[in-house]
2 protein chains.
Amino acid sequence: MNNPLKIGVLLAGNGVYDGSETHEAVLTLLALDRLGVQTVCLAPDVPQTHVINHLTGQEMPETRNVLVESARIARGNIKPLSLVVANELDGLAIPGGFGAAKNLTTWALAGPEGQIEPAVRDLLQALVRAGKPIAAVCIAPAVLALAFRGTGIQPKLTVGTTAAPSPYDIAATSAALEQAGAQTRQVGPTEVLVDDVNNIISSPCYMMENSISQVFEAIEKTMSKLVEMVSLAKSS
Amino acid sequence: MNNPLKIGVLLAGNGVYDGSETHEAVLTLLALDRLGVQTVCLAPDVPQTHVINHLTGQEMPETRNVLVESARIARGNIKPLSLVVANELDGLAIPGGFGAAKNLTTWALAGPEGQIEPAVRDLLQALVRAGKPIAAVCIAPAVLALAFRGTGIQPKLTVGTTAAPSPYDIAATSAALEQAGAQTRQVGPTEVLVDDVNNIISSPCYMMENSISQVFEAIEKTMSKLVEMVSLAKSS
């Protein structure tokens, strides 16, 4: 029997406003498990930028740790990012949520001039250079844009479309991704964009006004494509 | 167009060891949305019994609020339990996780002699007396056992089977539910038990050594049966 494919799931806390978007993270784990691959949850062992009361939207006067809060989604089965190297993984999935833009990077505060957690940058660069595919949904494409800023690699990414309702400014977000050096394309709310040059897949998920069923539809498409590309990369 | 059925989803925090089991909660919301019903997340506005570090399993020296943490799973779209009456709902789903046994009740500390949050007891009693169906997965059947202790109503519940691997003591848990006045039956890891007398559905989910895909299979069966029973109750 062959070893199953091993796909990392990079988490950034637990909750849409200060961590990984919980639905996107859980549905990513579900979709990958249904595709028969092994998942490995990862998160950086760093403090969260904010703790947001998800009932009121207000900042709470406390501190939480990204790895510890991500462990809630992983049911305790998670590794610190510093202990994982690209060699161990066949590919990577990054759910969205403000954690991608606040904890993995400072995109939410500084946009295309934002910083990226060095261990995140190093893992993403090593994966792409090894031809290992990465899927990023919702605002997680911003992590890829910052990871490759100034490297000559220009990932092709989507954060949705201006032609359907969104709670966010899709045109401004797309423009900011381009300022960071990425290429962008608009796709429909449950559609997937494939960057065949860099083996990157993206889909808007909760960047658009999607229901949880639509988010799962998009995540199933995204993860199917990821596993297809991972299988192809491994066999070539 | 008919109004959609309105199903409450009773949350107890966010994380398997001190709140609602995150996968079970998210997958309950997904399954109900795919069945075309409207979901209303609910949680009591009370302090959590514990805050557990999900990386180490150790208690953390801080306090969190059940409603505020549940709001992470609900993306902010949640009501305090005290503002919801049985009349507003057509049925209810209760995901598992230790929150059901620590925050909605004190089952984890006192078993069949445990206390139940009065607003939870009142809602569950009102729903059952109105013939409105309730689904409870994982350890959430313990909430139903305590809600009906001493009432003459004997819910028929499952927490799994001793014939397949489980991280918990299924025989002891079943015996404790019976001490609280419930009836119990064993069912397989992804099977569903239906109590036609009281309109209660239960399924073991993560009480057994299930994968996330198996948990989703069980939750889809459970929620399909719930919506079928809710539709029947509404039309009769």
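The values are calculated or read from the model by the stated rules, or taken from the named source; none is laboratory data. The structure displayed is predicted, hence computed values, not measured ones. Note that each Cβ is placed from the backbone with ideal geometry, even for glycine, and that neighbours are counted across all protein chains shown. With ligands, DNA and RNA removed, areas are computed over all heavy atoms of the protein, side chains included. Shrake-Rupley method; radii C 1.70, N 1.55, O 1.52, S 1.80 Å.
If you go through the stretch A:6-40 one residue at a time, how many are hydrophobic (A, V, I, L, M, F, W, C) and either within 13 Å of residue A:65 (Cα to Cα) or within 11 Å of another protein chain (Cβ to nearest Cβ) (or both)?
Total satisfying the criteria: 11.
Looking at the stretch B:213-224, which of its residues are out of contact with any Phe, Trp or Tyr (no Cβ under 9 Å at 6 or more places or on another chain) and hydrophobic (A, V, I, L, M, F, W, C)?
B:216, B:218, B:219, B:223
Collect the residues in the stretch A:159-204 that are in a loop (DSSP other than H, G, I, E, B) and of a type in the set (S, T, N, Q), keeping them in residue-number order.
A:161, A:162, A:166, A:186, A:190, A:198, A:199
Checking residue A:153 against (1) in contact with a Gly (Cβ under 7 Å, 6 or more places away or on another chain); (2) within 26 Å of residue A:231 (Cα to Cα); (3) assigned to a loop (DSSP other than H, G, I, E, B); (4) not charged (D, E, K, R): exactly one of these is not met. Which one?
(1)
Please list, ordered by first then second residue, the pairs with beta carbon atoms under 6 Å, 6 or more apart or interchain, first in the stretch A:212-225 and open to solvent by 20 Å² or more (accessible area, probe 1.4 Å), second part of a helix (DSSP H, G or I) and of a type outside the set (S, T, N, Q).
So the pair list comes out as A:213/B:33; A:213/B:34; A:220/A:31.
Are any of the residues in the stretch B:111-120 open to solvent by 10 Å² or more (accessible area, probe 1.4 Å), polar (S, T, N, Q), part of a loop (DSSP other than H, G, I, E, B) and more than 14 Å from chain A (Cβ to nearest Cβ)?
yes
Quick one: what pairs do we get from the stretch B:53-79, first residue more than 8 Å from every other protein chain (Cβ to nearest Cβ), second open to solvent by 70 Å² or more (accessible area, probe 1.4 Å), C-beta under 9 Å, 6+ apart or different chains?
Final answer for the pair search is B:63/B:47; B:64/B:47; B:65/B:45; B:65/B:47; B:66/B:45; B:66/B:47.
Scan the stretch B:218-236 and give yes if some residue there is part of a loop (DSSP other than H, G, I, E, B) and within 14 Å of chain A (Cβ to nearest Cβ), otherwise no.
No; the residues of the stretch B:218-236 include none that is part of a loop (DSSP other than H, G, I, E, B) and within 14 Å of chain A (Cβ to nearest Cβ).
Among the numbered criteria (1) more than 19 Å from residue B:70 (Cα to Cα); (2) within 9 Å of chain B (Cβ to nearest Cβ); (3) polar (S, T, N, Q), which single criterion is violated by residue A:49?
Failing condition for residue A:49: (2).
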